[in-house]
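The values are calculated or read from the model by the stated rules, or taken from the named source; none is laboratory data. All figures in this text were calculated on a predicted structure; none of them were measured in a lab. In this analysis, Cβ positions are derived from the backbone assuming ideal geometry, glycine residues included, and neighbour counts consider all displayed protein chains. Note: areas computed on protein heavy atoms with side chains; ligands, DNA, RNA excluded. Shrake-Rupley method; radii C 1.70, N 1.55, O 1.52, S 1.80 Å.
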Amino acid sequence: RGGFLSLREKSFREHVEAADIGGEHGHEPEPLDTDDNQVGGAESMAVTRCTSTQFAVTAYFCGLDVAHNRDSAEDAAKAPSVIGGQGIGESEIDKFESWLKAMHALGEARGKHPRYVYRLGVGTEGSEAGYAHVWDIVAQPDGTFYWLQSFVGHYSLPSWMRQSDAKGERDLLFETVLHKLEALRELFRIVAWDRAANANYLRLFNVDMDRARRVDKRETAMHQRLHHFSWDLACGYPAAGHRTEPLDPAAMVASLGVEIAAADEEEEGEEEEAESVA
């Protein structure tokens, strides 16, 4: 084990230890930096962390209580019985697809589809953060779906929605969602990162990993292949007192401002308490 490798490992450990993962519960937005040109233009002043966007979208449709109900094991235990699951491999995707098909058939029979918000997530066996992702899909009463996401350092929810609109892909057909789930399965089967894997990741999450990460050929498949999938039915919407149409990305992201203000107030209160004790 040479000195260069040791230095690389030390540098990586320091990078991980110093990483901002979104606060205690993982959904605080990244710091906004006007001098950061990594994303470019207005995106440098926009929330791009996927966990923050998932929280904001869930809060928008379901309310803050639901958005918070997975912050800790204690919160999850207090939450109502959840429809969903998490597991290794493709089997959990199969369960989610079966649920979607059942709900779609029910909607077709009734002439109106259930309005549900689903939280989805994927990760790798090696816990490589660069390939992990979370997002929401929202089932609409006409049987179409919103696929709502952002990707840290690459794009925000508003810019994703503008791009979806430009492509005519904001309202996805049920069949399109099934095709996306099949593309997701392909990412669970790869033996090495190749052009097909990159194309599927780009199609699903709008990030060209070959460009973004300059994928290291020495990186093992364990770090690249998706390994586990999670999903849950967050709520039926609209929640009481919530208006969700027309879809407003600015209003979605605004819920993060409420969270930040509450966190700041809590932190200030703790500091004042500490000072009084001292």
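Listing for the model above:
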item	result
Any hit, the stretch 245-255, residues being in contact with a helix residue (DSSP H, G or I) (Cβ under 7 Å, 6 or more places away or on another chain), part of a helix (DSSP H, G or I), at pLDDT below 70 and of a type in the set (S, T, N, Q)	yes
Pick from the stretch 197-217, criterion surrounded by 13 or more Cβ atoms within 10 Å (Cβ to Cβ) and more than 20 Å from the chain's Cα centre (by Cα), ranking: nearest to residue 254 (Cα to Cα)	210
When residues of the stretch 183-193 are limited to those that are under 18 Å from the mean Cα position of the chain (by Cα) and open to solvent by 10 Å² or more (accessible area, probe 1.4 Å), the one nearest to residue 111 (Cα to Cα)	185
Scan of the stretch 80-129 for residues that are open to solvent by 70 Å² or more (accessible area, probe 1.4 Å) and in a strand (DSSP E or B), ordered by number	86, 88
The stretch 149-168, residues that are under 23 Å from residue 213 (Cα atoms) and not in a helix (DSSP H, G or I)	149, 150, 151, 152, 153, 154, 155, 156
Some residue of the stretch 172-182 being buried (at least 17 other Cβ atoms within 10 Å of the Cβ) and part of a loop (DSSP other than H, G, I, E, B)	no
Residue 160 being without any contact (Cβ under 8 Å) to a residue 40 or more places away in the chain and under 15 Å from the mean Cα position of the chain (by Cα)	no
Any hit, the stretch 95-105, residues being within 21 Å of residue 125 (Cβ to Cβ) and modelled with pLDDT of 90 or more	yes
Residue 146, sole failed condition from (1) of a type in the set (Ser, Thr, Tyr); (2) part of a helix (DSSP H, G or I); (3) open to solvent by less than 20 Å² (accessible area, probe 1.4 Å)	(2)
Residues located in the stretch 46-62, provided they are in a loop (DSSP other than H, G, I, E, B) and open to solvent by 10 Å² or more (accessible area, probe 1.4 Å)	46, 47, 49
